[in-house]
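The values are calculated or read from the model by the stated rules, or taken from the named source; none is laboratory data. Since the structure is predicted, the reported quantities are computational estimates derived from the model, not experimental observations. Note that we place each Cβ from the backbone using ideal geometry, even for glycine, and neighbour counts take in every protein chain shown. Quick note on the areas: whole protein, heavy atoms, side chains included, nothing else; ligands and nucleic acids left out. Shrake-Rupley method; radii C 1.70, N 1.55, O 1.52, S 1.80 Å.
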Amino acid sequence: MQSQTAPTTITIEPAMSFVQMLEQVRYHGAYPTRQRAEEVVSAVLAALGRRVTGEERVELAARLPREAAEILAAQIPGTDSMTGWAFVRDLAARTGGTLATTRWDVGSVLGVVARLAGPDLLDRILAQLPSGYAILFGRAELTQAA
């Protein structure tokens, strides 16, 4: 008779605290205060939470600091397909920022998110999103030749 054991659950601890995440975003985005960095992180993570779904969403939340994960997870994913550029335009409209500053903000936050996610999870996230998101995460956009 085989013994039955309960399945093992894997818990991934975030690689950094929320304060450390804010400081990285502040540094990379050249924001004057941690408060400004926190505003940018909140806006970008909320927007990302409206785009990422499924297992990738759950895994990403597990790799983010708790406060960042809560912002991401509090959003209801949209059902519409939104390119990377439309993502930036939508966020600019929601925050009242210019396209240029919003693009900067998105890159500053998603660059840190990409490092926390790791390459394998980021590949899967990008596979579920329409074109234009790779560059927002600091990656080259690869397209297949026709």
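Numbers below:
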| read-out | value |
| --- | --- |
| Accessible area expressed per residue, the chain, with surrounding protein chains retained (probe 1.4 Å, Å²) | 59 |
| Surface share of carbon and sulfur [accessible, 1.4 angstrom probe, percent] for the chain | 55 |
| R0 of 41 Å, Cβ-Cβ distance T101-D123: FRET efficiency to nearest 0.05 | 0.90 |
| Residue with peak Gaussian network fluctuation, the chain [Cα springs, cutoff 10 Å], from V52, V19, V40 | V19 |
| I135, I71, I76, I125, ranked by accessible area, largest first (probe 1.4 Å) | I76, I135, I71, I125 |
| FRET E, pair Q20, S42, Förster distance 22 Å, beta-carbon r, rounded to 0.05 | 0.85 |
